[in-house]
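Just so it is clear, none of the values below were taken in a lab; they were calculated from the coordinates. Predicted, not measured: the structure shown is a model, and the values here were computed from it.
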Amino acid sequence: MYNYATPMNIQPVPAERKRARQQAVLDAISAEELATQQEIARALRKRGIDATQVSISRDIAELGLVKAGGKYVSGHPAAPAAADPLIGLVKAVAAAGPNLVVVKCDTGAAPRVGLALDQLGLPGIVGTLAGDDTVFAAVATAADNTRLVRLLQSRIPAVR
């Protein structure tokens, strides 16, 4: 009888590959100055890891990497790792019509802020789009727009 819990051809499960890839990204950015996702991909290949641009982009967001001094670095000096990722990274928030909230961030911090907004799981947020220093949050209704703006303003009192 075959034991399905222990496959004959043992390969890392996707979560283990992801953890290994993300650790390799952290190792690479601490070992050398990497300014683009293509440079990160080359550094990973040198370490024997093939990764798509999409995977690298997600890793950057999930790891909270930001650009500082033209290179990727871990974290951001204004946001301690254990703290709310929105604190210190968000500079301003404003409604832009009934279904769009614009969130201005520190340079390089928008992917992390966009991910944090996605992870809030608030009903009404349809999706986010993050650039370098700006996040667009699409919301379903004008009421969702008002609720998101107020939430961000209450969590980050310095935001105007």
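Some notes on this structure:
- Overall Cα dimensions of the stretch 90-155 - principal axes, largest extent first, Å: 29, 20, 19
- When the C-alpha to C-alpha distance is required to be over 28 Å, the pairs from LYS67/LYS91; LYS46/LYS91; LYS46/LYS104; LYS18/LYS104 that qualify are LYS46/LYS91; LYS46/LYS104; LYS18/LYS104.
- Relative contact order for the stretch 14-74: 35 percent, from Cα pairs under 8 Å spaced at least 6 residues apart, divided by residue count.
- Relative frequency of Cα-Cα separations exceeding 19 Å in the stretch 18-80, percent: 19 percent
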